[in-house]
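Shown next, in structure tokens, is the structure this report addresses.
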Amino acid sequence: GKVRAPTHIVSTICDDRGDEPTYAGVQISTIIEKDYGLGDVISLLWFKRSLPKYCTKFIEACIMCIILCADHGPCVSGAHNTIVTSRAGKDLVSSLVSGLLTIGPRFGGAIDDAARYFKDAYDKNLTPYDFVESMKKKGIRVPGIGHRIKRGDNRDKRVELLQHYGRTFFPSVKYMEYAVRVESYTLSKSNTLVLNVDGAIGSLFLDLLASCAMFSQQEIDEIVGIGYLNGLFVLARTIGLIGHTFDQKRLKQPLYRHPWEDVLYAK
Ligand code: ACO
Ligand code: LMR
């Protein structure tokens, strides 16, 4: 019989061997004819499925996260790196990745951990007090809590918009409300310990996945386990970082050098 040579790569999301590429089995011409949007393409290439009409809220929420996280000014880690790199005369891709590389557990990349920890704590019925204090004992900062400029009396508009969306359209927002209760407790400790946009997205997506019958419990565990959700921030902020690169080039900004006065030269 035929012997199939072992392949070096296994791939399941996109097939480019026919007349036209398919995304999770859907031809790109169908995507155009049927007016699929960016959310549908994310759904095909990340979640490997076309979401039915009743899951449109899932797609809308992806798009909303991308719009809301596209940029947050020139001072944040990502934009700062991109600006410095662009001003060093580097090209678009170098400037972009220099900014993207700062996305991680402190900046923009806390969404998956926020989802993991909020889910675990809620599913175990931990009170916000028990959850936060147990994290403190382990020496782990609660992912999704805390911000450099947002405060209890100066909330993050993005968080408010995401929460309004969840409360208006989702059948249940139990994880989101749990995150809010965690925030109430952390705010009682310090005014800086607000629920941040990573925490808002993480908890919103837990509710979204749970309410969309398309995902089995095993798949939800896989999505949270592998960590898909930081991808939303990476995708979103790519838009802003590209914008910052163009902005610096357009403004013909010179090489950046950090001022001496702003450095403490200590022994
Ligand atoms: N959980 C518990 N305690 C915290 C947390 C937290 N998430 N964040 C701050 N604290 C406490 C700590 O006691 C900290 O003291 P320590 O340095 O001895 O640990 C004290 O508050 C100081 O807090 P801040 O000065 O406000 O913290 P900082 O400004 O340095 O950090 C940051 C802000 C990085 C966002 C932090 O709150 C954090 O690590 N949060 C968790 C990660 C996270 O969610 N990041 C995403 C932010 S949103 C975004 O990037 C789009
Ligand atoms: C962001 O979205 O970049 C921010 O929330 C981080 C910040 O410090 O503003």
Under the rule rounded for a/c under 1.5, else prolate if a/b exceeds b/c, else oblate, using alpha carbon gyration tensor axes a ≥ b ≥ c, the range 73-112 is classed as prolate
Remind me, relative contact order of the chain in percent, using alpha carbon pairs under 8 angstrom and six or more residues apart?
-> 26
To the nearest 20 debye, what is the magnitude of the charge dipole of the range 1-130 about its Cα centre, counting +1 on the Cβ of each Lys and Arg and -1 on the Cβ of each Asp and Glu?
-> 300
Inter-site label distance for Tyr265 and Asn154 at 7 Å from Cα along Cβ, in nm | 3.3
Roughly how many Å is it from the Cα centre of the range 140-196 to that of the range 84-103, as a whole number?
-> 31
What ³J(HN,Hα) values, in whole Hz, does the Karplus curve 6.51 cos²θ - 1.76 cosθ + 1.60 give for the range 177-182 when θ = phi - 60°, with x put for Gly and Pro?
-> 5, 5, 4, 5, 5, 4
Please list, in chain and number order, the residues 5+ apart from Gly108 or on another chain whose amide H is under 5 Å from its amide H, with Hs placed from the backbone.
-> none
Once phi is turned into ³J(HN,Hα) by the Karplus curve 6.51 cos²θ - 1.76 cosθ + 1.60 with θ = phi - 60°, what whole-Hz value does each residue of the range 200-217 show in order, with x for glycine and proline?
-> 5, 5, x, 6, 4, 6, 4, 5, 5, 5, 5, 8, 9, 4, 5, 10, 6, 4
Which Cα, out of Gly139, Leu162, Ser77, lies furthest along the positive dipole direction of the range 34-172 (beta carbon charges, K/R +1, D/E -1)?
-> Gly139
Lysine pairs in the range 1-79 with Cα atoms under 23 Å, if 8 or more residues apart or on separate chains = 4
Just add up the charged neighbours of Gln217: K/R +1, D/E -1, any other residue whose Cβ is under 13 Å from the Cβ of Gln217.
-> -3
Take the cross-link list Lys136/Lys157; Lys124/Lys174; Lys150/Lys189 and give me the ones stretching past 18 Å between alpha-carbons.
-> Lys136/Lys157
By count of other Cβ within 10 Å, fewest leading, how are Val76, Val194 ordered?
-> Val76, Val194
To the nearest whole percent, what portion of all C-alpha pairs in the range 128-267 is separated by more than 23 angstrom?
-> 52
Of all C-alpha pairs within the range 200-267, those more than 17 angstrom apart amount in percent to 65
The answer for Cys14, listing residues at least 5 apart or on another chain whose modeled amide H is closer than 5 Å to its amide H, is Ala24
Got a sec? How would Asp156, Asp112, Asp123 order by Cβ neighbour count within 10 Å, fewest to most?
-> Asp123, Asp156, Asp112
HN-Hα J couplings of the range 64-72 from phi, Karplus 6.51/-1.76/1.60, θ = phi - 60°, integer Hz, Gly and Pro as x?
-> 4, 4, 5, 5, 6, 9, 4, 7, 9
Of the residues Leu264, Leu96, Ile220, the Cα lying farthest along the dipole of the chain towards its positive end, which is defined by charges on the beta carbon of Lys, Arg, Asp and Glu, belongs to Leu264
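Test of understanding: ordering Tyr256, Tyr36 by Cβ neighbours within 10 Å, fewest first, what list do you get?
Final ranking by Cβ density, sparse to dense: Tyr256, Tyr36.
Every number here is computed from the coordinates shown, using simple stated rules; none is lab data. Since this is a predicted model, take the numbers as computed values, not measurements. Cβ: placed from backbone, ideal geometry, glycine included. Neighbour counts: every protein chain shown.
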